[in-house]
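A.B. asks: Pasting a structure here, questions to come.
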Amino acid sequence: MSQQLSRRINSLPVSQTLAMAAKARELKEQGKDIISLSLGEPDFNTPDFIKDAAIQAINDNYNSYSPVNGYADLREAICRKFKRDNNLNYTANQVVVSTGAKQSIANLVMVLLNPGDEVLLPAPYWVSYSALTILAEAKYIEIPSSIETNFKITPEQLEAAITPKTKMIFFNSPNNPSGTVYTEEEFRALAKVLEKYPNIYILSDEIYEHINYGTPNFSFAAIESLYDRTITVNGVAKAFAMTGWRIGYIGAPEWIAKACNKMQGQITSGANCIAQRATITAIEAPVSKIQYMVDEFETRRDLMIDLLSKIEGIKTNVPEGAFYIFPDVSYYFGKTIKGKVIKDASDFSMLLLEEANVATVTGDAFGAPDCIRISYAASQENLIEAVKRIAEVLA
Ligand code: GLU
């Protein structure tokens, strides 16, 4: 019998972040000394006070299906978090808890996009934004930026990209992969454009909000004129070192939250009940409890900028948040290194994997083909060793 997969899955690109992480894992299992700087995942343990809450939840017999949109007291806690950290007013029926922010976004594209709709993606953008847009049979339009503008787009660029088919824009600050944080003023300048186009929805992915080294975060939903068409996405994975616990959530206009609830009710139901209980403890805790991780990420950021800037031809940005650095490596395109012709960022990333045993992710996957993404969510020792190896290969 022939194997006939759907057009849907055949047109879906593989997640390059996860593919590179899988490749690094596989090579490690074969005995290779790989340093994996591919995946965006804190190398810290989940803090004990959160683990204790999960253990308590198990002992309290939280073992049944939760409501599809999440426990009511968790959604209440999320509302308090939105108020405390983002000055956003949401009520519990505007919140949907999902199996990771990735599912939150998948729900949103499925409930808001029709085939042929256009989605604006300020580049560089996280790999799954474009993939999920394709899954919803919509079309993504990149708004390019470069290291010269610190990977920021301008209001003029935004306006030029809008067409009558534009349905949604994805916005992500602090940004994965560039680490760029937009200022409130920059948000407001972009909002001025969006105010003119009332049919455009704004998906504001704020998953890296706590991993921020100075520029205050801002939320599109804090702009009154946009609140009714903004969906704020967040989760506990990055800030609380809880990537595998899989809890994401949205604050949205109620009708959108209802639709996401309906979608999720047919796909996964409520998210993991133990992880939901632990999330209440995580987000109710003062943010100061996780500051030690943020401080360590900042030290590593400085270390990476220092080490990488000593390598000829690698242009670095100064990430102000998240835990990635996104150097421009286009200087090497067209050159032959270790017998390999480097045509693009994918070749460059592959060269680092094969010759330096360092796993990174090509910028192509993020809509920025001159760059590669390096995650510095790894020990300082590993970062120093990784850059040393990279320097040796490029020397
Ligand atoms: N968001 C993380 C990253 O960009 C985890 C992997 C993924 O889901 O893409 O590396």
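The values are calculated or read from the model by the stated rules, or taken from the named source; none is laboratory data. Just so you know, these numbers come straight off a predicted model, no measurement behind them. Heads up, the Cβs are rebuilt from the backbone with ideal geometry, glycines too, and the neighbour counts pull from every protein chain shown. The protein model used for the area step is the full one, side chains on, heavy atoms only, and it has no ligands, DNA or RNA in it. Shrake-Rupley method; radii C 1.70, N 1.55, O 1.52, S 1.80 Å.
A.B. asks: What are the residue pairs meeting all of these: first residue in region 175-186, first residue surrounded by 24 or more Cβ atoms within 10 Å (Cβ to Cβ), second residue assigned to a helix (DSSP H, G or I), Cβ atoms under 6 Å, and 6 or more apart or on different chains?
C.D. replies: P177/F366
A.B. asks: Here's a follow-up. Does region 13-36 contain at least one residue that is more than 21 Å from A221 (Cα to Cα), part of a helix (DSSP H, G or I) and hydroxyl-bearing (S, T, Y)?
C.D. replies: Yes, region 13-36 contains a residue that is more than 21 Å from A221 (Cα to Cα), part of a helix (DSSP H, G or I) and hydroxyl-bearing (S, T, Y).
A.B. asks: Hey, does region 191-202 have a residue that's touching a residue at least 24 places away in the same chain (Cβ under 8 Å), in a loop (DSSP other than H, G, I, E, B) and under 25 Å from E298 (Cβ atoms)?
C.D. replies: No.
A.B. asks: Scan region 353-364 and give yes if some residue there is small (G, A, S) and either open to solvent by 10 Å² or more (accessible area, probe 1.4 Å) or out of contact with any Pro (no Cβ under 7 Å at 6 or more places or on another chain) (or both), otherwise no.
C.D. replies: Yes, that holds for at least one residue.
A.B. asks: Sticking with this structure for a sec: Report yes if some residue within region 204-225 is over 24 Å from A285 (Cα atoms) and open to solvent by 30 Å² or more (accessible area, probe 1.4 Å); otherwise report no.
C.D. replies: yes
A.B. asks: Here's a follow-up. Need a quick list: strands (runs of 3 or more DSSP E) entirely within region 51-169 having at least 1 residues that are among the charged types (D, E, K, R).
C.D. replies: 118-122, 139-143
A.B. asks: Then there's this: Inside region 158-174, can you point out the residues that are surrounded by fewer than 24 Cβ atoms within 10 Å (Cβ to Cβ), of a type outside the set (A, V, I, L, M, F, W, C) and touching a Phe, Trp or Tyr at 6+ places or on another chain (Cβ under 9 Å)?
C.D. replies: Selection gives E159, T166, K167.
A.B. asks: Please count how many residues of region 1-21 are exposed (fewer than 14 other Cβ atoms within 10 Å of the Cβ) and either β-branched (V, I, T) or touching a strand residue (DSSP E or B) at 6+ places or on another chain (Cβ under 7 Å) (or both).
C.D. replies: The number of residues fulfilling the criteria is 2.
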